[in-house]
Structures are given as C-alpha cells and as structure tokens.
1. Return the residue satisfying two criteria in turn: it lies in segment 1-19 and is part of a helix (DSSP H, G or I), away from the ligand (no atom under 16 Å from the Cβ) and out of contact with any His (no Cβ under 7 Å at 6 or more places or on another chain), and of such residues it is farthest from ILE83 (Cα to Cα).
2. Report, by residue number, each residue of segment 189-201 that is charged (D, E, K, R) and either part of a loop (DSSP other than H, G, I, E, B) or in contact with a Ser or Thr (Cβ under 9 Å, 6 or more places away or on another chain) (or both).
3. Give me the pairs: first residue in segment 185-206 and among the acidic types (Asp, Glu) and modelled with pLDDT of 95 or more, second residue more than 10 Å from the ligand (Cβ to nearest atom) and assigned to a helix (DSSP H, G or I), beta-carbon distance under 8 Å, and six or more apart or on different chains, which are they?
4. Condition test on ASP89, is it away from the ligand (no atom under 15 Å from the Cβ) and either of a type outside the set (A, V, I, L, M, F, W, C) or under 29 Å from GLY146 (Cβ atoms) (or both)?
5. Quick one: in segment 198-248, of everything that is among the basic types (Lys, Arg) and within 25 Å of PRO15 (Cβ to Cβ), which residue is surrounded by the fewest Cβ atoms within 10 Å (Cβ to Cβ)?
6. Quick check on my filter: what residues within segment 191-222 are over 11 Å from the mean Cα position of the chain (by Cα), of a type in the set (Val, Ile, Thr) and within 25 Å of THR34 (Cβ to Cβ)?
7. Got a number for residues in segment 214-237 being in contact (Cβ under 8 Å) with a residue 60 or more places away in the chain and more than 15 Å from the ligand (Cβ to nearest atom)?
8. Tell me which helices (runs of 4 or more DSSP H) are completely within segment 20-90 and hold 1 or more residues being without any contact (Cβ under 8 Å) to a residue 24 or more places away in the chain, or say none if there are none.
Amino acid sequence: MDWGMKNRLSRIIRPETGRTVMLAVDHGYFLGPTTGLEEPEKTIAPLLPYADTLMLTRGVLRACVDPSTNVPIVLRVSGGTSILGNLADEGTTVSMKDAVRLNTVGVALSIFVGSELERKTLLALADLINEGHEAGIPVLAVTAVGKDMARDARYLGLACRIAAELGAHIVKTYYCDGFEKVVKSCPVPVVIAGGKKIPERDALELSHNAISSGAAGVDMGRNIFQSEHPVAMIRAVREIVHNNMTPQRAFDLYKTLSESEEAKGRQAVKAGL
Ligand code: 5RP
C-alpha cells in the first residue's frame, strides 16, 4: 500500500485509537429530503467539529459544506436509483478524477449481495477498487440489505467478506447478533451504520455492542441527525467509540449536554437573540 493510500486511511480511522466516528449524511441520494436533512448545511455545520469523517454525496458536499473545512470527506459514489425503484440497480455516479479533485479521503459504494443484481454491484466495487488503487483512494464498501435478506451474522458475514476479498479497504454493515463473527471473518476494518432512528439510549447501546465486538467505529446518520439533540448525541457516541465509555455513562453525558443546550437556548430567547 502506498503512502497516499495509507495517509488517507489514517484520516478515516484515527491512528490514536484505531477507531472512527463517521457522520453519514448521504441519505438524500436515494431517499430525497430525509427527516433531519431537509436543509443539509444546517444539520451538518454544528456536527462537523465532532465528526472524524463526513460521508456524503458530491452535490451536498459542493452546495452545503464550507470548502475550508478540515473534516476529511468520504464521498458516496454510487446511486442512480431511488426508494421508488429498484435500489440494487445502482451505478457509479462520480469519476475517480472528480473524487480526487474534491480532495476526498475515500469513496463509498453499495453492494447488494443476494439480489438479482449482485454481480453488477460486486463488479462495480471491483472496478472502483482498481481505480482507487491507481489514485491512492481507499474504498468503503457498504453492504446494503434488500427487503428479502435477513440481517443476520451469516448474511452480513458473507457480504462483508466478499467486499474485503474484492479489495475494499473498509466495510460498512449493520450490527447483528453474533457480530463478533462478522468482524473476525472480515480481514479489513468494519464500521456499523446506525439504521433507522431508535431511542438514544438504545443507539448508544448498539454502538457500544459493535465496538465491544471489534468494530472499528460507526458510520452513523439518522440516530445522530434525527436525535432531538444531535450534537449531544454525536458527542456521546464519540465517547463510546474513542474512550470505551459504557452506554449508561454515555447516555448520562447525552442528557447533561442536552440540558445545557436547552438552557443556552432559553437564555438566548430571553436575551432576544
Ligand atoms: C445506505 C447508507 C446510508 O444512506 C447511510 O449512510 C446509513 O446511515 P444510518 O443507517 O446510520 O442512517 O449507507 O446504505
């Protein structure tokens, strides 16, 4: 692996802890204006100081993120389908040249193992890895789970391992029972998606379980930006990922930070700001 590739990987997974808190805000590429991301710039700006990496699409990056930011960018480069159509029929939407021009530290593409289009998405992953290798850009493979697939260790283990065998540098998947088996049989770092919004305490528990099972971090979206207190939530998640905080202590921190945010809000209203 050359220097550029290693350098970019170290900007995704922090060398101090070997872990990462990636903030995923790429949902609009197939879901449109998802709750919490209707105005991406407003959602993203306050969370940026607490994200190790920001995962998003080219359009939102250009339109909604200040180019002077220091937060490393992982660019979603697959898409072309929507929630109304056949999601597995994605294609590659951004050239490697443009990913380089946008100064990204990684590119992300979904694979749909077990779908009728699995071959197409796996070969698209392989092509992207070949191009990434030439440019020194790591590839994050996202194991998308179709409606008919079980989110269990057998299926997710299969999808993660195939992604790693094809050469993905990092794999994003879902947490499941027996997750340690998924991590153990995947020779590259695994990060988890948060999935649909669940109560904060549960999302913190999920993050903790994933980390304890060997995950290298989270690539979390809705459980952060759809939280009533997104900044408090990402800060609590960070403590779990980087400092092994227990879910209960992280939840206490979430509550304390939320209360102080609310108090500041009340003061601002009082002062007529
Ligand atoms: C879909 C994706 C996302 O759009 C997103 O990154 C998922 O994040 P979360 O589940 O935490 O909202 O990767 O496959």
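The values are calculated or read from the model by the stated rules, or taken from the named source; none is laboratory data. Just so it is clear, the model here is predicted, and its values are computed rather than measured. Glycine also receives a Cβ, built like all others from the backbone with ideal geometry; neighbour counts cover every protein chain displayed.
1. Among them, the one singled out is TRP3.
2. Hits for segment 189-201 are LYS196, LYS197, GLU200.
3. The qualifying pairs are GLU200/MET233; GLU200/ALA236; GLU200/PHE251; GLU200/TYR254; GLU205/PRO247.
4. no
5. The selected residue is ARG235.
6. ILE198
7. Of the residues in that region, 3 qualify.
8. Ranges flagged: 40-47, 58-64.
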